[in-house]
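The values are calculated or read from the model by the stated rules, or taken from the named source; none is laboratory data. Model, not experiment: these values are computed from the prediction. No Cβ is skipped: glycine too gets one built from the backbone with ideal geometry, and neighbour counts run over all protein chains shown.
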Amino acid sequence: MAYEVVIGLEVHTELKTKSKIFCGCSTTFGASQNTNVCPVCLGLPGVLPVFNAKVLEFAVRTGLALNCEILPFSKFDRKNYYYPDLPKNFQTSQYDLPIAVNGHLDIEVNGETRRIGITRVHMEEDAGKLVHAGSVTKSDYALVDYNRTGVPLLEIVSEPDIRSEEEAKAYLEKIKAILQYVDVSDCKMEEGSLRCDANISLRPEGATKFGTKSELKNLNSFKAVQKGLEYETLRQTDILEDGGKVIQETRSWDDAKGVTLTMRNKEQAEDYRYFPEPDLVPIVVDPVWVEEVRKNLPELPEARKARLMNDYGLSSYDAEMITTSRAMADYYDAAVAAGADAKLAANWLMGEVSRSLNNAAQSIESCPVTPEKLAGLIALIAKGTISGKIAKTVLEGMWSSGKDAAAIVQEEGLVQISNEGEIIAIVERILAANPQSVADFKAGKEKAIGFLVGQVMKETKGRANPEVVNKLLRERM
């Protein structure tokens, strides 16, 4: 039997506020264990929370960017459950009246645009972190770091509209981009500031009733989301094909083994015994203020992609790649504003610059070649001062020295030779030394000229203009 995959994602993102959601403790990542804590976030008796207004602003900004309706009245609730890294034995979250509802996000996969509904966006506090210790093969004990307790979170819950692992990955990438564009989270998955749980079920193709779902935890990378869902699809398919029944449960993803493992039976809402948080007043949002927040939203990825395609003639693919990251898009716009040819700037940014960043394990924010310096390099290419091949060498020099392209070209004597008089003698010498290649070309073997061009470029150390070399070779043969 053929099955349809039904997926819904719950994305958790830590907000980049300076202090926690209900106290003044720092949210700085990497501090010594249990130093960013106080009686409030440790849940000591007699303390009272005070709501961080910046969290509300970030939540509204996110909801608007995700095409949500901002509820004029919302409240906090207590979600009760015991876990060692939850010192109060309950989490302050939102249940029936979240801050934002009924949104959507459009994604593109394999050339097809799909609209994914967003059920809700709600505010809550993060829990602490368990650090398992012991031998290589066994965790003998666990330590608890409460620094993360009380860090503000947004949970973005999708409708079960996702139908493949590829769509799940595309949705998560789009969520990440939007969160970075509206500047509410750094989305560093390696630091836990962007995490994802996935609900997945199967049903026979054509059926309308959902199957029994499993929830996958510990998905802390795009690759883990895709691989975890792929594995769970196969696992559930095998169960159904054997005549068994899928059990509703929570499963963890073991990245090292590439499998999902049972954690616990899936809880229902009633298991958490939700009730309104008595120590926090409800939130009443002024519609006028919401519109002010809307007006101050930056240009979002879809709008920016459309602008790059319309204004600069970029392909849909190139515009998508550049606008996936706000920092990358900002860099590109700055390079074009500095005079770089739009299409060349896109090619160099996605090509050599991205490759150099990956090799150096750096982000675009820390790129040693500024947009203005890249524009200077591209201008030399456009003028014919240097070839594209030489430009790669120049970029390496810019990367290591911090100098601009013109200075490196002058110091290293890398100006491209375009004068036919300087090249002709080399061309004739190469032709005389390679009679077989000349004969092959005359016999109709077009590839032979590529070898001859390469020999001329080798002798000129890459400085000869390839177009001039090609022209002269053809004329002489």
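If you check residue 183 against the conditions, is it in a loop (DSSP other than H, G, I, E, B) and touching a residue at least 60 places away in the same chain (Cβ under 8 Å)? Judged against the criteria, residue 183 is a match. The residues listed here are 293, 281; of these, the one that is out of contact with any Phe, Trp or Tyr (no Cβ under 7 Å at 6 or more places or on another chain) and part of a loop (DSSP other than H, G, I, E, B) is 281. Is it true that some residue in the range 215-232 is in a loop (DSSP other than H, G, I, E, B) and within 17 Å of residue 164 (Cα to Cα)? Yes - at least one qualifying residue is present in the range 215-232. Could you run through the range 233-266 and say how many residues are in contact with an Asp or Glu (Cβ under 6 Å, 6 or more places away or on another chain) and outside any strand (DSSP E or B)? The number of residues fulfilling the criteria is 1. What do you reckon, is residue 165 surrounded by fewer than 15 Cβ atoms within 10 Å (Cβ to Cβ), in the same structural domain as residue 63 (by TED's automatic domain parsing), in contact (Cβ under 8 Å) with a residue 60 or more places away in the chain and not aliphatic (A, V, I, L, M)? When the stated conditions are applied, residue 165 does not pass them. Selection of the range 72-112 for residues being part of a strand (DSSP E or B), free of Cβ contacts under 8 Å to residues at least 60 places away in the same chain, farther than 16 Å from residue 10 by Cα and under 27 Å from the mean Cα position of the chain (by Cα) yields only 112. Residue 142 passes every criterion in (1) outside any strand (DSSP E or B); (2) surrounded by fewer than 20 Cβ atoms within 10 Å (Cβ to Cβ); (3) of a type in the set (Gly, Ala, Ser) apart from (1). Scanning the range 113-129 for residues that are in a strand (DSSP E or B) and hydrophobic (A, V, I, L, M, F, W, C), we see that the one that is nearest to residue 40 (Cα to Cα) is 123.
Restricting attention to the range 72-112 and to residues that are among the hydroxyl-bearing types (Ser, Thr, Tyr) and modelled with pLDDT under 95, the residue that is farthest from residue 281 (Cα to Cα) turns out to be 83. Here the range 5-21 is the region considered, the condition is being of a type in the set (D, E, K, R) and touching a Cys at 6+ places or on another chain (Cβ under 8 Å), and the residue that is surrounded by the fewest Cβ atoms within 10 Å (Cβ to Cβ) is 10.
Filtering the range 157-171 to residues that are modelled with pLDDT of 95 or more and touching a Phe, Trp or Tyr at 6+ places or on another chain (Cβ under 8 Å) leaves 158, 160, 162.
Yes/no matrix, rows are residues, columns are (1) loosely packed, with under 15 Cβ neighbours inside 10 Å; (2) in contact with a Lys or Arg (Cβ under 9 Å, 6 or more places away or on another chain):
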residue	(1), (2)
34	yes, no
50	yes, no
75	no, no
94	no, yes
119	no, no
124	no, yes
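Against the definition (in a helix (DSSP H, G or I), in the same structural domain as residue 330 (by TED's automatic domain parsing) and surrounded by fewer than 20 Cβ atoms within 10 Å (Cβ to Cβ)), how does residue 379 come out, yes or no? For residue 379, the condition - in a helix (DSSP H, G or I), in the same structural domain as residue 330 (by TED's automatic domain parsing) and surrounded by fewer than 20 Cβ atoms within 10 Å (Cβ to Cβ) - is met.
The set of residues in the range 310-356 being assigned to a loop (DSSP other than H, G, I, E, B), surrounded by fewer than 16 Cβ atoms within 10 Å (Cβ to Cβ) and of a type in the set (D, E, K, R) is empty.
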